[in-house]
1. Can you give the relative contact order of region 1-97 as a percent, counting alpha carbon pairs under 8 Å and 6+ residues apart?
2. Looking at region 81-164, which chymotrypsin sites (Phe, Trp or Tyr not before Pro) are in a loop (DSSP not H, G, I, E or B) and have at most 10 other Cβ atoms within 10 Å?
3. Is region 1-46 best put as rounded, prolate or oblate by its Cα gyration tensor, with a ≥ b ≥ c the root eigenvalues, rounded for a/c under 1.5, and otherwise prolate when a/b is larger than b/c, oblate when not?
4. With a ≥ b ≥ c taken as the square roots of the eigenvalues of the C-alpha gyration tensor of region 64-105, please select rounded if a/c is under 1.5 and otherwise prolate if a/b is larger than b/c or oblate if it is not?
5. Ordering HIS34, HIS58 by how much accessible area each has at a 1.4 Å probe, largest first, what is the list?
6. If you roll a 1.4 angstrom probe over the protein chains with everything in place, what fraction of the accessible area of the chain belongs to carbon and sulfur, to the nearest %?
7. Helix-only estimate, please: 222 nm mean residue ellipticity of the chain, summing -39500 (n - 2.57) across DSSP H runs of length 4 or more and dividing by its residues, to the nearest 500.
8. Only bridges with both residues in the chain count here: give the DSSP antiparallel percent, nearest 5.
Amino acid sequence: MTKNVLVLHCSPREDGNTHSLAEMFSAGAEASSHRVTRLNIGKAIVGPCAACNYCREHDHICIQQDDMPQILGAIVAADVVAFAAPLYFYGLPAQMKLVMDRLYALGPQYPRHNKEIVLLLAGGSPKPEDYEGAIKNFQLAFIDYLKWTDRGVLIAPGVYAAGEIKENPILADAFKIGFNL
Ligand SMILES: Cc1cc2nc3c(=O)[nH]c(=O)nc-3n(C[C@H](O)[C@H](O)[C@H](O)COP(=O)(O)O)c2cc1C
């Protein structure tokens, strides 16, 4: 079955390591005939959730006028959402967390929560345990709370400088996750 796959690139470094992960994942998904849409949210203007609950009274619409309606529209249209993100201070980068918080507008009762989710995470540290906080946050939010289906978490450790991932065999794993959706 052909799926709508949304790849959200969450680093401000446009040609960095998460960009390569996103590219290889997308290539794998396209090789399996899925429809891939890519959005770079690394420099998007997304404000923090204001907890005003306007969305609760207005059919899931957020009152804030920023880039989030476009991102949210793409998420709503997707069957699979893949976040490609750098590890920042042992956690998910603010660019991704802001989008996550604004999913509050969907609410846990939102009818289209039957989505699949992937996390591709690159970081400078070679130690797998340094990624645990980010992965835990991701799993609790998307899988436990929103009930999206886990389609894989891939970490690319030990890549610090932009482009350092280029010859890394982990890119083949990103391709495979996309291909096997
Ligand atoms: C603000 C900031 C915080 C970072 N924090 C961490 C960290 O906690 N652990 C780590 O291993 N790498 C950390 N890094 C390094 C990035 O995760 C690493 O360079 C990654 O490859 C960046 O991905 P990109 O090239 O797609 O931007 C940090 C980088 C920045 C800019």
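The values are calculated or read from the model by the stated rules, or taken from the named source; none is laboratory data. Note that this is a predicted model, so its numbers are computed, not measured. No Cβ is skipped: glycine too gets one built from the backbone with ideal geometry, and neighbour counts run over all protein chains shown. Protein only, heavy atoms only, side chains kept; ligands, DNA and RNA dropped before computing areas. Shrake-Rupley method; radii C 1.70, N 1.55, O 1.52, S 1.80 Å.
1. Computed value for region 1-97: 43 percent relative contact order.
2. Filter output for region 81-164: PHE89.
3. Oblate.
4. oblate
5. Most to least solvent-accessible, the answer reads HIS58, HIS34.
6. C and S atoms contribute 56 percent here.
7. The per-residue figure over the chain is -8500 deg cm²/dmol.
8. Among the beta bridges of the chain, antiparallel pairing accounts for roughly 5 percent.
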